[in-house]
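Any read-out appearing in this document is the output of simple, stated calculations on the displayed coordinates, not a laboratory observation. Since this is a predicted model, take the numbers as computed values, not measurements. Cβ placement follows ideal geometry from the backbone for every residue including glycine, while neighbour counts extend to all protein chains displayed.
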Amino acid sequence: MTGDLLPIDQVAKLSGVASSALRYYERVGLIEEGPKIRGKRHYPREVLDRLSMIRTCQNIGFSLTEISSLLDEAEESGGSWQEIAAQRRACIQREIEERQAWLNTLNSTLACGCPQLVKCPQVAGCPLLVGQNARQSPWPAQGESSMN
């Protein structure tokens with residue numbers, strides 16, 4: 001039977017997921033608890049596919065809770081995996097649009113040729129520096145010093 005199971009260190013090596021993360025994934029229910037053989041956790045080979053899916057979902061920005069819902073279609077998620085994926089896609093689309101606005105502002109600021117950023121008319125109305133988006137900006141708002 002142990003031929004069908006892989007020890008935790010081998011699963012970690014093959015999947016690129018640390019042993020500690022595997023144990024955490026067990027605790028939060030992302031993977032089934034592996035049996036212990038001679039004091040060492042073992043997992044069925046199929047866990048590698050599940051770990052690959054978990055890693056893929058993490059790479060596109062899903063939280064572990066969302067991943068659990070996606071993979072298990074848990075009823076408490078309030079919807080199907082397609083609904084959760086569509087929500088994540090909408091969130092990513094909003095982030096892309098926001099970053100595109102930032103890029104457009106940076107491009108127009110760089111193209112204007114002003115000798116000082118604070119005197120640039122492109123910056124005066126910059127959504128990065130005024131209103132609610134100022135908190136997300138990596139730059140100080142107009143009139144503020146970055147040394148505050």
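Under the Karplus relation 6.51 cos²θ - 1.76 cosθ + 1.60, θ = phi - 60°, what is the ordered set of whole-Hz ³J(HN,Hα) values for segment 48-53, x standing for Gly and Pro?
Rounded to whole hertz, the list is 4, 5, 5, 5, 5, 5.
Residue-wise, which Karplus ³J(HN,Hα) couplings in Hz belong to segment 87-97, taking 6.51 cos²θ - 1.76 cosθ + 1.60, θ = phi - 60°, and x for glycine or proline?
Along segment 87-97, the couplings run 4, 5, 4, 4, 5, 4, 4, 4, 5, 4, 4 Hz.
Students often get this wrong: which residues of segment 22-53 have the backbone nitrogen under 15 Å from the point 7 angstrom along Cα-to-C-beta of ASP4?
34-36, 42-47
Would you calculate the separation in nanometres between label points at TRP81 and ALA111, each defined as 7 Å from the Cα along the Cα-to-beta-carbon direction?
For the pair TRP81/ALA111, the computed spacing is 4.4 nm.
Calculate, in nm to one decimal, what GLN93 and GLU26 gain on full extension: separation in residues at 0.36 nm each, minus their alpha carbon distance.
Net length gain for the segment: 20.9 nm.
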